[in-house]
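Reviewing the structure listed below.
All of the numbers you see were taken from the coordinates with simple rules; none came from a lab. Since the model is a prediction, treat every value here as computed from it, not as a measurement. In this analysis, Cβ positions are derived from the backbone assuming ideal geometry, glycine residues included, and neighbour counts consider all displayed protein chains.
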Amino acid sequence: MTKTKLSQIKKYFSQYPSKKYSKGEIIFKPGDKIDNVFFIKSGFVRAYTITPKGENTINLFKPLFIMSLIHSVSDHRNDYYFQTLTPVEVYYAPMADFKKFLSNQKDLSFTIMDFFLSSLLNYFVNQGNIVNGNAQNKIASVFLQLTHDYGDMKKGKLVVNFPATHRIIANLVGLTRETTSVQISKLQKTGVISTKRTQFTVLDLPKLKSLAQASE
């Protein structure tokens with residue numbers, strides 16, 4: 001999605017109320033009705049389920065907007081927990097208003113659909129690498145997904161602003177925190193990425209893509 005299109009979407013949602021959430025707060029839980037379209041103004045949210053083996057984070061990093069889009073065209077119940085990873089502020093627009101907006105903005109409607117399908121296809125590819133790959137494939141796949149969703153060129157460097165803590169990454173791919181830390185350290189030592197507390201920089205994108213691919 002281009003910055004111009006994203007700016008148009010932000011402008012639309014900015015006319016509606018927003019709500020702030022603290023870090024770690026649950027926005028929705030399974031069974032809750034999603035009757036608005038939500039757009040994150042700031043912060044990050046994860047979607048997860050709870051199984052007999054524990055939490056299972058869904059490999060989807062823009063879940064509120066995408067999931068509320070799904071609910072705007074279907075009657076499916078919400079089956080996920082949505083929890084803030086950082087302090088979050090969210091705009092919420094009534095679904096009927098959003099549908100009317102899109103019906104009058106065909107070009108923007110196509111852009112949103114393209115964004116949705118692109119995110120979904122990337123999700124499928126990454127899930128395949130996570131399910132079938134080794135520890136290296138799994139970790140590289142998560143960083144590649146984050147790069148796709150949040151990567152931004154700054155002074156010639158591909159910077160990703162996302163709190164990719166070892167705990168969050170481990171939960172996403174079903175590895176121990178220790179194994180996850182080892183694999184992230186390898187990515188750093190081999191010059192694929194460099195990390196800070198709330199962001200990381202991709203130093204070698206072709207290498208990251210190669211490492212994310214699970215062997216046949």
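Pop out the ³J(HN,Hα) list for region 142-153 in order, Karplus 6.51 cos²θ - 1.76 cosθ + 1.60 with θ = phi - 60°, rounded to Hz; leave Gly and Pro as x.
In residue order, the calculated couplings are 5, 5, 5, 5, 4, 5, 4, 7, 10, x, 8, 6 Hz.
For a quick check: with amide H placed at 1.01 Å from N, whose amide H comes under 5 Å from Ile27's, ignoring anything fewer than 5 positions away on the same chain?
Here Phe82, Gln83, Thr84 satisfy the definition.
So what J values fall out for region 6-12 if you push phi through Karplus, 6.51 cos²θ - 1.76 cosθ + 1.60 with θ = phi - 60°, rounded to Hz, Gly and Pro as x?
Going residue by residue, I get 4, 5, 5, 5, 4, 4, 4 Hz, with x marking Gly and Pro.
How much length, in nm to one decimal, is gained on full extension between His76 and Glu55, taken as 0.36 nm per residue of separation minus their Cα-Cα distance? Present the calculation step by step, with values, prior to reporting the outcome.
Working: separation 21, 0.36 × 21 = 7.56 nm, distance 2.17 nm.
Result: 5.4 nm gained on full extension.
With the chain treated as a Gaussian network of Cα nodes joined by springs under 10 Å, which of Met113, Met67, Met95 yields the largest mean-square fluctuation?
In this elastic network of the chain, the residue with the biggest mean-square fluctuation among Met113, Met67, Met95 is Met113.
Check cross-link reach from Lys20 to the aspartates and glutamates: straight Cα distance under 17 Å, and skip same-chain residues fewer than eight apart.
Cross-link targets: Glu89.
Among the trypsin sites (Lys or Arg not before Pro) in region 12-93, which ones are in a DSSP loop with at most 10 other Cβ atoms within 10 Å of the Cβ? Mind listing them? Don't skip to the answer; put the middle values down first.
On the way: sites: Lys19, Lys20, Lys23, Lys33, Lys41, Arg46, Lys53, Arg77; in loops: Lys23, Lys33, Lys53, Arg77.
In loop regions of region 12-93 (DSSP not H, G, I, E or B), the sparsely surrounded trypsin sites (Lys or Arg not before Pro) are Lys33, Lys53.
Sequence neighbours fewer than 8 away in the same chain don't count; with that in mind, list the lysines whose C-alpha is under 24 Å from Lys196.
Lys23, Lys41, Lys62, Lys138, Lys154, Lys155, Lys157, Lys186, Lys207, Lys209
Pick out, in residue order, every one of the trypsin sites (Lys or Arg not before Pro) in region 118-216 that is DSSP loop and has at most 15 other C-beta atoms within 10 Å; say none if there are none. Could the numbers behind the result be given before it?
Numbers: sites: Lys138, Lys154, Lys155, Lys157, Arg167, Arg177, Lys186, Lys189, Lys196, Arg197, Lys207, Lys209; in loops: Lys155, Lys196, Arg197.
Sparse-neighbourhood loop trypsin sites (Lys or Arg not before Pro): Lys155, Lys196, Arg197.
Using only the alpha-carbon atoms, how far is helix 63-72 inclined from the longest principal axis of the chain? Give it as 0 to 90 degrees, nearest 10.
It works out to around 40 degrees.
At R0 = 35 Å, how high is the FRET efficiency between Gln127 and Asn104 if r is their beta carbon distance? Nearest 0.05 is fine. Mind dumping the intermediate values first?
Working: r = 35 Å, r/R0 = 1.01.
Taking R0 as 35 Å, the efficiency between Gln127 and Asn104 is 0.50.
Please list, ordered by chain and number, the residues whose modelled amide H lies under 5 Å from the amide H of Val45; skip anything fewer than 5 residues away on the same chain.
Leu85
Using a Gaussian network model on the chain with a 10 Å cutoff between Cα atoms, which of Ser103, Ser194, Ser181 fluctuates the most?
Highest fluctuation of the listed residues: Ser103.
Convert each backbone phi in region 112-127 into a coupling constant with the Karplus relation 6.51 cos²θ - 1.76 cosθ + 1.60 (shift: θ = phi - 60°), then list the ³J(HN,Hα) values in order as whole Hz, x for Gly and Pro.
3J(HN,Hα) across region 112-127, in whole Hz: 5, 5, 4, 4, 4, 5, 4, 5, 5, 5, 5, 4, 4, 4, 5, 4.
So if we plug the beta-carbon distance of Arg197 and Ser22 into 1/(1 + (r/R0)^6) with R0 = 25 Å, what FRET efficiency do we get, rounded to 0.05?
Values: r = 19 Å, r/R0 = 0.75.
Efficiency at R0 = 25 Å is approximately 0.85.
Expected output is a single nm value to one decimal: the length gained when fully extending between Lys11 and Thr179, i.e. 0.36 nm times separation in residues minus the C-alpha distance. What is it?
Contour length minus the Cα-Cα distance gives 56.2 nm.
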